[in-house]
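A short reminder: the numbers here are calculations on the coordinates, not readings from a lab. All of these numbers come straight from a predicted model, not from anything done at the bench. Cβ sites come from the backbone with ideal geometry, for glycine too, and all protein chains shown count toward neighbours.
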């Protein structure tokens, strides 16, 4: 049997490796259009922050290891341009210009996602960057090493934008951030968002919300971002307004698409065609809380889905239950975490949400190093279910968020969550953990 994979990062290489382990005689071929496979994209902002580190330290496993030790036919520099489900083949071109045709019995589309680049003048100027691939990271790092960069403008204020704000500031670069929408981190409760914004501004970054952007132009030896407010001068501009699934190849092959034009898959990761699977940032998923299809591109889902595809291809029927959107990021000394639904998302899904926001403590009140931990919990008045959680603080948020995430997967009631036996010691939290305090308050609100 011939198993072909399009895309050589998290989902693709996880699937290829596991399939080969499950069935050593399986013919596994992977096509990757770039020269990079199996790397930690999430680590790029932290690597860029440190000029002493090489970007290739983020490579988890080199291509030669997959070829020599695992027997995978990994072809880097090979772009697939056509999927032909009826003939059971893919067609494309190598970076050297040669065309190829490869038959398959089972196919995995793991084409990932691409950064959204606004259709505005100047986006192609030297010094205007995005950060998604390892090559993007190389490009940014090389630019910082070969140019005098004192000012950076970041277009966007999401996860990557804020992580890169920290990276630039760590390198002594003055940062201004700009976005057209008026609300900073709109999915976060305003009280918690204010904690994050205060941290960013205390580190010297200047935030411009509600500023429409009309383009970028050259300004002497640097760049100028033209927006509704004052023009923003920069030596480098990072465009970080989000990503979109690379689903055009699948759509042209007639595969069904789901939310945000991600490739629609069932719980076995099978697409609308029996022999074709999809996984990673290009594919959708089911939300555990709502049961609806969602597109939430995160690393754990990509790796887990890759494993599930491999098991299904090699005769080990496997389903992936779904996601709850658990995510965490760091900006300077602040941890920002979320899982499940916001009240607005809950209302759209048909729930009757109630919410509470509390300010607890990260350690016992008399223990040194005690800091504020903001917690938001959301529950359903009709069923009593826990629906979501958010946390912001200088410590304790990143790993605490896993408790409500597990509760969401278990379908727990808020009352049940409030009765959980959580660990206590003064260096790690008060007797009544802030999550338990919030759960008890939420019970009253419901």
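Determine the calculated [θ] at 222 nm for the chain from helices alone, applying -39500 (n - 2.57) to every DSSP H run no shorter than 4 residues and normalising by the residue count; nearest 500 deg cm²/dmol.
-7500 deg cm²/dmol
For the pair residue 421 and residue 139, how long in nm is the line joining their label points, each one 7 Å along Cα→Cβ?
Label at residue 421, label at residue 139, 5.5 nm between them.
If we count other beta carbons within 10 Å of each Cβ, what is the order of 183, 276, 236, 173, fewest first?
183, 173, 236, 276
Take the alpha carbon atoms of segment 168-218, find their center, do the same for segment 1-38, and report the distance between the two centers in whole angstrom.
39 Å
Set the Förster radius R0 to 60 Å, insert the Cβ-Cβ distance between residue 221 and residue 366 as r into 1/(1 + (r/R0)^6), and round the FRET efficiency to 0.05.
It comes out at approximately 0.60.
Once the piece of chain linking residue 251 and residue 274 is laid out straight, how much longer is it, given 0.36 nm per residue of separation minus the C-alpha distance between them?
Separation in residues times 0.36 nm, less the Cα-Cα distance, equals 6.8 nm.
Once both labels are modelled 7 Å past Cα along the beta-carbon direction, what's the residue 146-residue 82 spacing in nm?
Roughly 3.8 nm, to one decimal.
Given the peptides 255-267, 120-132, 281-293, arrange them by the average over their residues of other C-beta atoms within 10 Å, most packed first.
Highest-to-lowest ranking by the protection proxy: 281-293, 255-267, 120-132.
Quick one: grab the alpha carbon gyration tensor of segment 117-239, order the square roots of its eigenvalues as a ≥ b ≥ c, and give me rounded if a/c is under 1.5, else prolate or oblate depending on whether a/b is larger than b/c. Could the numbers behind the result be given before it?
Working: a/c = 1.66, a/b = 1.33, b/c = 1.25.
The shape class here is prolate.
Could you tell me how far the Cα centroid of segment 233-279 sits from the Cα centroid of segment 296-352, in Å?
About 15 Å separates the Cα centre of segment 296-352 from the one of segment 233-279.
Label point 7 Å out from residue 46 along Cα-to-Cβ: which residues of segment 162-188 have amide N under 17 Å?
Backbone N within reach: 162-171.
Run the quick spin-label model on residue 299 and residue 203: label points 7 Å from Cα toward the beta carbon, then report their separation in nm to one decimal.
1.8 nm
Go ahead and run the numbers for FRET between residue 59 and residue 266, Cβ-Cβ distance against an R0 of 22 Å, rounding to 0.05.
Once the sixth-power term is evaluated, E becomes 0.10.
By how many nm would the segment from residue 194 to residue 214 grow when fully extended, if each residue of separation counts as 0.36 nm and the alpha-carbon distance is taken off?
Gain on stretching residue 194 to residue 214: 4.5 nm.
By DSSP, what percent of the beta bridges with both residues in the chain are antiparallel, rounded to the nearest 5?
In the chain, DSSP labels about 65 percent of beta bridges as antiparallel.
Could you list 166, 319, 355 so that the one with the fewest beta carbons within 10 Å of its beta carbon is first and the one with the most is last?
Taking fewest neighbouring Cβ atoms as first place, the list is 319, 355, 166.
Candidates (i) 83, 61, 37; (ii) 140, 52, 39; (iii) 66, 59, 38; which is the computed Cα extents along the principal axes in Å?
(iii)
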